[in-house]
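For reference, the structure is listed below as structure tokens.
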């Protein structure tokens with residue numbers, strides 16, 4: 001093994017996609033109520049016009065705009081024909097000189113082409129409607145535009161028009177748009193099945209402190225909990241998880257056992273060189289081919305391994321043992337992979353200015369954790385420094401930005417911060 | 001009723017908190033695996049040092065730094081005492097002139113105060129370790145700093161130190177930090193129980209299109225789906241939902257029926273003035289007191305009503321019937337309310353520059369929807385204009401920013417965009 005032959009992030013991603021980019025998550029039809037946060041698997045077109053009829057967007061009177069000039073000039077009135085109720089069709093069309101009361105959201109009568117807001121009008125007991133002198137110029141001068149106060153049929157969504165595209169990560173408003181279209185079942189991409197194998201001779205299952213703290217050189221397993229949590233928002237559901245000692249036979253067995261029921265098997269190893277070799281060898285033996293990526297020139301996350309098992313169509317990924325590195329690499333590679341395969345847009349990073357210098361790393365891209373501080377209409381990004389593997393460098397941070405290999409990010413530099 | 005006596009957003013929030021700010025979500029203990037996205041209800045302190053022992057953060061040799069100058073100057077060697085395994089305690093302390101192999105993450109022997117990376121060394125068959133000539137100056141010149149390559153016990157988290165604060169919205173890295181502390185059960189705030197009553201004579205239950213589209217002036221109910229989806233990420237779980245006609249008796253009965261099993265009851269009414277009056281009167285009759293807020297000077301969202309039932313300690317909220325207004329108001333008032341009560345930080349808005357002018361509204365704050373376009377290390381915000389109530393103004397947008405009443409937001413203005 002040589003960790004010198006590392007790939008750049010872009011290089012590693014390109015190799016990963018070249019070998020496994022044909023994987024496509026299955027499509028499942030979910031009840032709309034369960035589709036929030038899932039990725040739409042098809043383009044959705046409107047089956048009908050929305051609104052399905054010309055509706056008022058104000059409380060007031062439906063009029064024929066051509067009548068307004070005369071009414072305004074003469075101080076004359078419009079005769080009210082009816083008050084149209086929500087959910088009901090008007091009883092008759094408007095003739096010249098007539099108006100009808102229409103509440104917000106109700107249907108306009110035929111012949112009407114504009115709305116006058118109720119607060120700009122007065123109505124007498126005989127049902128005669130006049131424009132108030134205090135009304136705005138467009139009402140008092142009779143220059144009411146055709147279409148004022150109306151949403152036309154299809155003006156929100158046109159029958160046959162695109163409502164949402166494949167790859168949309170469904171937000172509450174998207175769920176609303178689907179409900180408006182009567183789409184109470186939605187085809188979304190299935191989550192990838194993830195198996196997490198956390199390895200290390202030092203690892204013990206986390207238990208309630210302080211009753212049973214780790215002894216001597218033991219360390220609680222953090223990666224299982226952290227990766228299961230990360231999986232949830234990244235397109236993965238955890239099919240299985242296990243903590244193992246650094247034993248080639250046990251790891252090989254566990255990976256083989258997980259192949260059938262997983263789309264991705266993650267082995268998070270200790271960070272020592274021997275253990276990294278072990279994962280790499282296990283993957284090679286199982287897949288019968290060279291690993292796709294062996295080392296990424298990024299800090300943290302260098303000892304990352306990517307392999308592909310052609311027989312079962314499963315991605316194998318070796319993640320660093322340090323929780324921070326494991327989480328960063330999961331984001332960089334696996335969360336990105338699911339977004340790519342499902343046609344999702346990359347999430348929006350937050351622009352910020354560095355409050356002080358942050359050094360990069362020789363030969364490696366640095367993912368530098370920062371805390372964000374809102375400062376007027378912009379952010380200051382304050383680097384959170386800490387030794388390799390410290391979990392608090394992440395819990396104290398709001399996100400991270402990228403420093404190119406060998407570079408120095410100077411105070412005041414504009415950076416893009418990815419939330420963590 | 002007078003919609004003229006509206007409150008500003010800040011005014012409405014202040015009144016809301018003054019009357020209902022004593023409500024506190026219950027605290028429940030969840031398994032760590034279920035705590036992601038929930039709000040921590042207590043400050044969490046470290047019960048032990050993490051790491052719990054001095055550990056190496058590189059693969060290499062533990063040394064006594066004082067020995068290094070001599071070894072470097074004389075070209076002499078250090079005698080390796082042992083190779084320390086992951087998870088195991090060293091067998092003996094280092095004496096002067098000795099070193100021990102320690103992989104990343106393993107425990108340092110007593111007496112060692114620094115690590116030399118394995119790639120900077122050479123070892124012969126007799127276990128004699130020398131510094132390579134190609135090693136960096138600090139190694140070859142024997143100026144190795146005390147603590148180099150080591151994470152000291154408690155350097156990540158100190159026993160008794162604050163790990164996470166009450167009000168933290170738990171992210172994957174926070175879950176990792178809790179696992180590292182052996183906190184496999186976490187006290188988090190319970191979700192508020194929300195009942196959604198969607199009212200309107202025009203409303204029909206959404207059904208699969210195009211088989212059963214709404215007839216005539218009927219409109220599919222969107223608010224139930226949209227509010228249930230919004231609830232999920234805002235601290236609420238839906239206890240019940242129902243679609244009703246605009247009938248005072250039916251609505252009163254539904255609200256009364258929901259009081260016992262809800263912390264918040266939402267009535268989303270049609271947007272016409274008559275219906276708004278109806279909700280206001282129903283709330284007054286039920287609570288026996290004046291409504292707290294009746295109208296907010298914001299667009300969209302003006303016809304919002306807030307009331308409080310002292311007997312059952314329940315918030316009653318009347319939301320506009322238009323889905324966009326209902327969702328905006330839910331975010332402005334109810335999502336904010338839960339954040340406030342649980343001590344959460346406000347979410348980070350995204351700074352952007354307006355790509356063109358966006359007019360405000362006379363007498364009202366405007367929540368202007370925008371699409372975001374990344375442009376170098378900043379964003380352009382492009383207003384999404386559309387008539388009141390159009391759902392596509394939200395589905396086409398990435399978020400919204402605030403325009404003060406009567407103001408005009410000019411092209412190039414720096415704005416803060418809240419994701420939607």
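The values are calculated or read from the model by the stated rules, or taken from the named source; none is laboratory data. The structure presented is a predicted model; accordingly, all values stated were derived computationally and were not measured. No Cβ is skipped: glycine too gets one built from the backbone with ideal geometry, and neighbour counts run over all protein chains shown.
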**Asked** Is it the case that region A:74-84 has a residue that's assigned to a loop (DSSP other than H, G, I, E, B), modelled with pLDDT under 95 and out of contact with any strand residue (DSSP E or B) (no Cβ under 8 Å at 6 or more places or on another chain)?
**Response** no
**Prompt:** Of all residues in region B:222-248 being assigned to a loop (DSSP other than H, G, I, E, B) and in contact with a helix residue (DSSP H, G or I) (Cβ under 7 Å, 6 or more places away or on another chain), which is surrounded by the fewest Cβ atoms within 10 Å (Cβ to Cβ)?
**Reply:** B:234
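Scan region A:362-375 residue by residue and report those that are in a strand (DSSP E or B) and in contact (Cβ under 8 Å) with a residue 60 or more places away in the chain.
Here is the first cut: in region A:362-375, the ones in a strand (DSSP E or B) are A:364-375.
Once the filter is applied, which keeps residues that are in a strand (DSSP E or B) and in contact (Cβ under 8 Å) with a residue 60 or more places away in the chain, region A:362-375 yields A:364, A:365, A:366, A:367.
Among the listed residues B:213, B:206, B:187, which satisfies the condition of being more than 33 Å from the chain's Cα centre (by Cα), over 30 Å from residue B:71 (Cβ atoms) and outside any helix (DSSP H, G or I)? Spell out how you get there, then give the answer.
Values: B:206 fails: more than 33 Å from the chain's Cα centre (by Cα); B:187 fails: more than 33 Å from the chain's Cα centre (by Cα).
One residue alone meets the criteria, B:213.
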**Fill in**
Of those in region B:376-400 that are in a strand (DSSP E or B) and at the interface with another protein chain (Cβ under 10 Å from one of its Cβ atoms), the residue nearest to the chain's Cα centre (by Cα) is B:399
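Mind checking whether some residue in region B:290-300 is on the phi < 0 side of the Ramachandran plot, surrounded by fewer than 19 Cβ atoms within 10 Å (Cβ to Cβ) and either more than 14 Å from chain A (Cβ to nearest Cβ) or in a loop (DSSP other than H, G, I, E, B) (or both)? Quick ask: steps written out before the conclusion?
Residues of region B:290-300 that are on the phi < 0 side of the Ramachandran plot, as a first pass: B:290-294, B:296-300.
Right, trim to surrounded by fewer than 19 Cβ atoms within 10 Å (Cβ to Cβ) and you get B:290.
This time we only want the ones that are either more than 14 Å from chain A (Cβ to nearest Cβ) or in a loop (DSSP other than H, G, I, E, B) (or both), so: B:290.
The answer is yes; a qualifying residue exists.
Answer yes or no: is there a residue in region B:404-416 that is part of a strand (DSSP E or B), more than 11 Å from chain A (Cβ to nearest Cβ) and either without any contact (Cβ under 8 Å) to a residue 40 or more places away in the chain or in contact with a strand residue (DSSP E or B) (Cβ under 7 Å, 6 or more places away or on another chain) (or both).
yes
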**Asked** Only one of A:38, A:13 is in the same structural domain as residue A:330 (by TED's automatic domain parsing) and modelled with pLDDT of 95 or more; which?
**Response** A:13
**Prompt:** Within region B:251-261, which residues are exposed (fewer than 15 other Cβ atoms within 10 Å of the Cβ) and either touching a strand residue (DSSP E or B) at 6+ places or on another chain (Cβ under 6 Å) or assigned to a helix (DSSP H, G or I) (or both)?
**Reply:** B:253, B:261
**Request:** Output the number of residues of region B:309-325 satisfying the condition of being under 27 Å from the mean Cα position of the chain (by Cα) and closer than 17 Å to residue B:255 by Cα.
**Result:** 8
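A quick yes/no check of all residues on (1) surrounded by fewer than 21 Cβ atoms within 10 Å (Cβ to Cβ); (2) free of Cβ contacts under 8 Å to residues at least 12 places away in the same chain; (3) under 21 Å from the mean Cα position of the chain (by Cα); (4) assigned to a loop (DSSP other than H, G, I, E, B):
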| site | (1), (2), (3), (4) |
| --- | --- |
| A:12 | no, no, no, no |
| A:15 | yes, no, no, no |
| A:22 | yes, yes, no, yes |
| A:25 | yes, no, yes, yes |
| A:29 | yes, no, yes, no |
| A:37 | yes, no, yes, yes |
| A:42 | yes, no, yes, yes |
| A:47 | yes, no, no, yes |
| A:68 | no, no, no, no |
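For region A:312-337: of the residues being outside any helix (DSSP H, G or I) and out of contact with any helix residue (DSSP H, G or I) (no Cβ under 8 Å at 6 or more places or on another chain), which is surrounded by the most Cβ atoms within 10 Å (Cβ to Cβ)? It would help to see each step written out before you state the result.
Looking only at region A:312-337, we keep the residues that are outside any helix (DSSP H, G or I), and these are A:312-322.
Still in the running and out of contact with any helix residue (DSSP H, G or I) (no Cβ under 8 Å at 6 or more places or on another chain): A:313, A:322.
On the way: A:313: 12, A:322: 25.
Here the answer is A:322.
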